[in-house]
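Below: one structure, written as structure tokens.
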Amino acid sequence: MSTKNKKLLAWVAEVEAMCQPDRVEWADGTKAEYDRLMQLMVDGGAATRLNDELRPNSYLFRSDPSDVARVENRTYIASRKQEDAGPTNNWIDPVELKKTMTELYTGCMKGRTMYVIPFSMGPIGSPISKVGIEITDSPYVVVNMHIMTRVGDKVLKHLGEQGEFIPCLHSVGAPLAEGQADVPWPCAPIEQKYIAHFPEENLIWSYGSGYGGNALLGKKCLALRIASNMARREGWMAEHMLILRFTSPEGRRFHIAGAFPSACGKTNLAMLLPTIPGWKCETIGDDIAWMKIGPDGRLYAINPEAGFFGVAPGTSMSSNPMAMRTLEKNSIFTNCALTDEGDVWWEGIERPCDHAIDWKGNSWTPVSGAVAAHPNARFTTPAAQCPVICDAWDNPAGVPIDIFIFGGRRTRTVPLVTQAFDFDHGVFMGAMAASETTAAALDVGQTLRRDPFAMLPFCGYNMADYWTHWFAMGNRLGEHAPAVFYVNWFRTSRDGRWLWPGFRENSRVLKWMCQRVAGEVGARETPIGNMPVDGDLDLSGLDIDPQDMAELMEVDSAAFHADLDDAEAFLAKFGDRGPARLREQLEALKRRLA
Ligand code: GTP
Ligand code: SPV
Ligand code: MN
């Protein structure tokens, strides 16, 4: 440990006194530390080292079957006033919540090591980056943070004696009594889990879960819920967006940021290997974008993360070859299946598997009648290993965004692609976005829900104020505001087939967007937005039924009308706090559909 930051030292001492760990270790971010913690977890039965010939330096973990995803019902925005959290967030008075959680935290690290992880979200020293300190009793969290963020002494050095940091406290909530043996995946029962945010103090307290966004606090808790608050106060944006660079055969570059809800295709699009000749895609980020207006008036984005925490099932050499190559080595797998050869396996990997150990640790065969990998099984892998990582991915200045894409999972109603008439209309599209729910959250059921800007679970304040902030950013950006598009890769036929091949073929839709921005193609105006003129969407070499294509491009006014009723009811939840410009957009759409 090498810091003289008084605030940090005081906070660590305070947490140590409360949580009562057996010992305290400061994470230095080195490979030696990573290897030592992995060995500790292999010895303790929490991790399995994979076959080094098939998957060098990689490990598999199986979580407790109750702790497999984010828990939205246990996620709280504890602002002083409830209306500042808004109708879409869970709220508890911060004083009350701290009291409840202090009781839980008292003695909660007994028998365990408390790790102090200094980390940077974004390149160290970038004007957009932030320093966080995560305190955790989970060595699994430490090794994941090594990959997902920039960890260690270099962060402490940058922080200095006076620097500001975001305190992130995490415990799995499973103290060990004297002599009590540990379990492979310690966690607390659901009613004791709290993923708490105190936005007015830039403070995060998480208790009871060891999984993903519940526990790796730099990600959803800091980089979205807390950062969205800071961004609004400071005039920038923290969004649930992938970032990519798309380059035309002539060498013209377009930077695209896309917001889709969890498990709706960000990682896949970010690493896209285009099927159309001459076009090139390079990855900058796959989940989160922090964006600030630059000196030239354009919007610059950085990826605050350093790794990908991606959905494993469905990832294959045909759907996402660049992800498959990224995770060939130095990766952590959670809740995937283990093959007899000592490699990982999951549904949709497009490799045969006759026998495996499933995510629950049981013997599995293809006729077992259950999935081998949990639907929210994940890989943690270093961004720098991605074969198509963009050379600008860790540029502290970021990349200038030309295009925003919104979207979600809609089996019906929503066509393949539409372009907003202008930025205000684009904000309306983002605000009214809806998606069918996925396995990325444990407790949201299987329904269609409104998920504005894919931020429903991640906006750390009143969503109505968030929309106002989007309009304010639009005002400031003016003619530099990115063009806005809405996509749906997930439309199905009446007999349940995907109508659009998706994945690598999505490059065709990106090409159309870039050509629109470059003024190379026109558009057909429809009530819901501008759509491709017949022949402009490049379908060359693609074997797609013209009937399916027609259905993908259809605008069903009656279905949109029904959707509008739902959107209107959603907007009504926010009362007068919802921006008038959003209601104007809604009325205008109604008139166009009539
Ligand atoms: P989070 O990490 O939870 O934020 O998810 P994400 O938005 O990065 O989603 P991801 O790219 O991991 O995709 C999630 C699931 O959607 C996977 O099972 C993919 O196979 C599937 N998927 C992604 N893109 C497409 C597509 O274009 N078409 C279809 N049909 N499925 C897709
Ligand atoms: C998401 O759910 O959007 C994720 C996974 O990216 S987690 O980090 O668990 O939030
Ligand atoms: Mn995500």
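Couple of notes before you dig in:
- Net charge of the neighbourhood of THR247, taken over other residues with C-beta under 10 Å away and scored Lys/Arg +1, Asp/Glu -1, is +2.
- The label point for ALA588 and the one for GLU25, both projected 7 Å from the Cα toward the Cβ, are 5.7 nm apart.
- Largest accessible area first, the listed residues THR326, THR447, THR100 line up as THR447, THR100, THR326 when surface is computed with a 1.4 Å probe on the assembled protein chains.
- The GLU164 and LEU273 beta-carbon pair, evaluated with R₀ = 51 Å, returns a calculated FRET efficiency of approximately 0.80.
- Scanning residues 5 or more positions from ALA47 or on other chains, those with amide H under 5 Å from its amide H are VAL42, with H placed 1.01 Å from N in the peptide plane.
- Over segment 308-382 - Rg/Rh using Cα atoms and the Kirkwood inverse-distance radius: 0.94
- With the charge dipole of the chain set up from +1 on Lys and Arg Cβ and -1 on Asp and Glu Cβ about the Cα centre, the Cα lying farthest toward the positive end among the listed residues THR380, LEU542, ILE243 is that of ILE243.
- Those lysines that a straight Cα-Cα span of less than 18 Å connects to LYS99, excepting residues fewer than 8 apart in one chain: LYS81, LYS193
- For LYS31, the aspartates and glutamates whose Cα comes closer than 16 Å to its Cα, not counting residues fewer than 8 places off in the same chain, are ASP153.
- A straight chain from ASN51 to ILE190 at 0.36 nm per residue would run longer than the Cα-Cα distance by 46.6 nm.
- Normalised by 2.2 N^0.38 Å, with N the number of residues, the alpha-carbon radius of gyration of segment 302-447 equals 1.28.
- Per-residue ³J(HN,Hα) for segment 546-552, Karplus 6.51 cos²θ - 1.76 cosθ + 1.60, θ = phi - 60°, Hz, x for Gly and Pro: x, 4, 4, 4, 4, 5, 5
- Mean separation of Cα contacts under 8 Å (6+ apart) over length of segment 308-382, as relative contact order %: 45
- Heavy-atom accessible area, probed at 1.4 angstrom with all protein chains present, ranks LYS266, LYS329, LYS590 as LYS329, LYS590, LYS266, highest first.
- Normalised size of the chain, defined as Cα radius of gyration per 2.2 N^0.38 Å with N residues, equals 0.94.
- Student exercise, the chain dipole from Lys, Arg, Asp, Glu Cβ charges, in Debye to nearest 20: 920
- Protection proxy ranking of 533-539, 25-31 - average other beta-carbon atoms within 10 Å, highest first: 25-31, 533-539
- Listed pairs LYS6/LYS98; LYS7/LYS219; LYS157/LYS292; LYS266/LYS292; LYS292/LYS573; LYS292/LYS511 exceeding 28 Å between Cα atoms: LYS292/LYS573
- Distances between placed amide hydrogens fall under 5 Å for ARG150 paired with SER120, GLY122, all partners being 5 or more residues away or on another chain.
- A 1.4 Å probe, protein heavy atoms only, puts the accessible area of CYS19 near 0 Å².
- Remark: segment 224-240, residue by residue, has Karplus-estimated 3J(HN,Hα) of 10, 5, 6, 5, 4, 5, 4, 4, 5, 5, 9, x, 10, 9, 10, 10, 7 Hz, where x stands for each Gly or Pro and the curve is 6.51 cos²θ - 1.76 cosθ + 1.60 at θ = phi - 60°.
- Only Lys, Arg (+1) and Asp, Glu (-1) charged, at Cβ; segment 447-537 dipole about Cα centre in debye: 300
- Simple spin-label estimate for GLN82 and GLU200 in nanometres, 7 Å along Cα-Cβ: 1.6
- Listed peptides 133-139, 342-348 appear in the order 133-139, 342-348 once ranked by packing, highest mean of other Cβ atoms within 10 Å at the front.
- ASP296 paired with GLU525, simple spin-label distance in nm, labels 7 Å along Cα-to-beta-carbon: 3.2
- Where segment 308-382 is the region considered: accessible area per residue in Å², 1.4 Å probe: 37
- Protein-only accessible surface order, largest first, of LYS573, LYS157 at 1.4 Å: LYS157, LYS573
- Take each peptide in 86-93, 455-462, 158-165, count the other Cβ atoms within 10 Å of every residue, and average; sorted highest first, the result is 455-462, 86-93, 158-165.
- For segment 232-252, the residues whose amide N sits under 17 Å from a probe point set 7 Å from the Cα of LYS280 along the beta carbon direction are 244-252.
- Phi-based couplings in Hz for segment 274-288 (Karplus 6.51, -1.76, 1.60; Gly and Pro marked x): x, 8, 8, x, x, 8, 10, 10, 10, 7, 10, x, 10, 8, 9
- The angle between the Cα long axis of helix 580-593 and the longest principal axis of the Cα atoms of the chain comes to about 40 degrees, rounded to the nearest 10.
- Amide H contacts under 5 Å for ALA434: ASP451, restricted to partners 5 or more places along the chain or on a different chain, H placed in the peptide plane at 1.01 Å from N.
The values are calculated or read from the model by the stated rules, or taken from the named source; none is laboratory data. No experiment lies behind these values; they were computed from the predicted model shown. When we count neighbours, we look across all protein chains shown, and the Cβ atoms used for this are built from the backbone with ideal geometry, even at glycine. Ligands, DNA and RNA are stripped out before the accessible areas are found, and what is left, the full protein with its side chains, is counted by its heavy atoms. Shrake-Rupley method; radii C 1.70, N 1.55, O 1.52, S 1.80 Å.
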